[in-house]
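The values are calculated or read from the model by the stated rules, or taken from the named source; none is laboratory data. Predicted model, so just to flag it, every value in this text is computed and none were measured. Cβ: placed from backbone, ideal geometry, glycine included. Neighbour counts: every protein chain shown.
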Amino acid sequence: MTELRLEGVSKRYGSGEGTAALRDVDLTVRDGELFTLVGPSGCGKTTTLRTIAGFEEPTAGTVSFDGEPMTAVPPEERDVGVVFQSYGLFPHMTVAENVGYGLRFRDPPNGTSVDERIAELLELVDLEGMGDRDPDQLSGGQQQRVALARALAPAPDLLLLDEPMSALDARLRESLRRQLTRIQSTLGLTTVYVTHDQDEALAISDRLAVMNDGQIEQVATPRELYHEPATRFVAEFVGDNNVFDGTVRTRVEDGARYRVDVDGTTFELAGVPAGVDRVSFCVRPAALSRTVERNEISVAVETSEFRGESVHVYGRWQERPIVLRLEDASEDELTVGFEPEDAHIVDAW
Ligand code: ADP
Ligand code: MG
């Protein structure tokens, strides 16, 4: 049972000004949650994880587990299991010895013997009977499951995973992440998962934080994040999107909508805050439809990709890149529209 909290956490590397890797990060990961940190390379994900584990000391702020500050607690006493991108298995040890290595500082939980615990963990990660093998006799996906078993062996309060799948191919990644979410929810273990892959983040998380340049842009459920991005950065980072900048003209007669000009074309939008002159708004590709006859734009098609269920169309409207998802598309130019409620405001001045 662990709730994890970061309060005002900043981290600078080097002396003086140095590199500001984290800037005033506040974060609460609830007990039993699978929480993901997602963001582009260099945004501070690994630094956050290392700070939680105690491998890095924050320049300012506190990390606490269940309200207990961890500042003075060294990493080996934090009850944290960590899995890194590189599996970090010991090549000269068998699979069983690698899993057992996780128990060198701690006894197995509930009075089980070390051997029983190793067998239990190998079964949990679907590697029963493989204990006598050497790591180099296993595939990448199997090795990563050994690394997971090793991290879980001492029954940690908190599981931290840093891009654990990024060295694996796409299909294996998908099956491994289903396995991981099953294990995580079976154990009810508070978990922080780091990835730069936004599809993966949306797929596995209870909630997630989008990071950018050492700061948190938004914390939300996958659905909230997708449909209600709080910032332009989130709108553009998470999933394909079409972002427009417009000037607010007049309120529509019924009062709930505004007319907004984008380069001479007028759109009608819902959700515009009162008293602003300019807005940025986004419209998801799937909301741009050939059958909606409002807010129409004419798109010059540049490329289209057949994806089985749909065709992803990439084109331009007035020099702006536009992405569409259509059932089919073969024209060079096509007209699509969107409902006022399907636009989401991401910035307003
Ligand atoms: P991410 O995991 O999101 O790719 P990191 O947390 O690794 O990002 O890095 C955040 C920033 O801190 C980057 O600018 C990176 O170059 C810098 N950084 C990370 N580790 C160190 C270090 N040991 N010394 C100096 N700068 C570092
Ligand atoms: Mg990293």
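Reported count of residues in the range 199-217, each being outside any helix (DSSP H, G or I), under 11 Å from the mean Cα position of the chain (by Cα) and not aliphatic (A, V, I, L, M), is 3. Taking first residues from the range 147-165 that are more than 19 Å from Asp197 (Cβ to Cβ) and partners that are within 16 Å of ligand 2 (Cβ to nearest atom), the Cβ contacts under 7 Å between residues at least 6 apart in sequence or on separate chains come to Ala151/Val82; Ala151/Val83. Of all the residues in the range 163-191, those that are of a type in the set (Gly, Ala, Ser) and within 16 Å of ligand 2 (Cβ to nearest atom) number 2.
Among the residues of the range 164-176, is any under 30 Å from Gly315 (Cβ atoms), among the aliphatic types (A, V, I, L, M), more than 11 Å from the chain's Cα centre (by Cα) and surrounded by fewer than 18 Cβ atoms within 10 Å (Cβ to Cβ)? Yes; the residues of the range 164-176 include at least one that is under 30 Å from Gly315 (Cβ atoms), among the aliphatic types (A, V, I, L, M), more than 11 Å from the chain's Cα centre (by Cα) and surrounded by fewer than 18 Cβ atoms within 10 Å (Cβ to Cβ). Taking the options Asp115, Asp169, name whichever one is within 24 Å of Val38 (Cα to Cα), more than 16 Å from ligand 1 (Cβ to nearest atom), in contact with a Gly (Cβ under 9 Å, 6 or more places away or on another chain) and of a type in the set (Asp, Glu). Selected residue: Asp169, the only one of Asp115, Asp169 that is within 24 Å of Val38 (Cα to Cα), more than 16 Å from ligand 1 (Cβ to nearest atom), in contact with a Gly (Cβ under 9 Å, 6 or more places away or on another chain) and of a type in the set (Asp, Glu). Evaluating Leu189 against the criteria (1) surrounded by 15 or more Cβ atoms within 10 Å (Cβ to Cβ); (2) away from ligand 1 (no atom under 16 Å from the Cβ); (3) more than 15 Å from the chain's Cα centre (by Cα); (4) at pLDDT below 95 leaves one unmet condition, (4). State all residues of the range 318-333 that are buried (at least 16 other Cβ atoms within 10 Å of the Cβ) and not hydrophobic (A, V, I, L, M, F, W, C); if no residue qualifies, say none. Result: Arg325, single match. From the list Arg207, Arg249, Arg257, the one residue that fits, being touching a residue at least 60 places away in the same chain (Cβ under 8 Å) and touching an Asp or Glu at 6+ places or on another chain (Cβ under 6 Å), is Arg257. Restricting attention to the range 37-82, the residues that are more than 10 Å from ligand 1 (Cβ to nearest atom) and either in contact (Cβ under 8 Å) with a residue 60 or more places away in the chain or under 19 Å from Arg177 (Cα atoms) (or both) total 11.
Would you confirm whether or not the range 219-234 contains a residue that is farther than 26 Å from Gly81 by Cβ, hydrophobic (A, V, I, L, M, F, W, C), outside any loop (DSSP other than H, G, I, E, B) and within 16 Å of ligand 1 (Cβ to nearest atom)? Yes - at least one qualifying residue is present in the range 219-234. Among the residues of the range 275-317, the ones that are surrounded by 14 or more Cβ atoms within 10 Å (Cβ to Cβ), assigned to a strand (DSSP E or B) and either touching a Pro at 6+ places or on another chain (Cβ under 9 Å) or not assigned by TED's automatic domain parsing to the domain that holds Phe244 (or both) come to 6 in all. A single member of Gln144, Gln85 is within 16 Å of ligand 1 (Cβ to nearest atom) and either exposed (fewer than 14 other Cβ atoms within 10 Å of the Cβ) or not aromatic (Phe, Trp, Tyr) (or both), and it is Gln85.
Picking from residues in the range 6-36 that are surrounded by 19 or more Cβ atoms within 10 Å (Cβ to Cβ) and more than 15 Å from ligand 1 (Cβ to nearest atom), the one that is nearest to Val210 (Cα to Cα) is Phe35.
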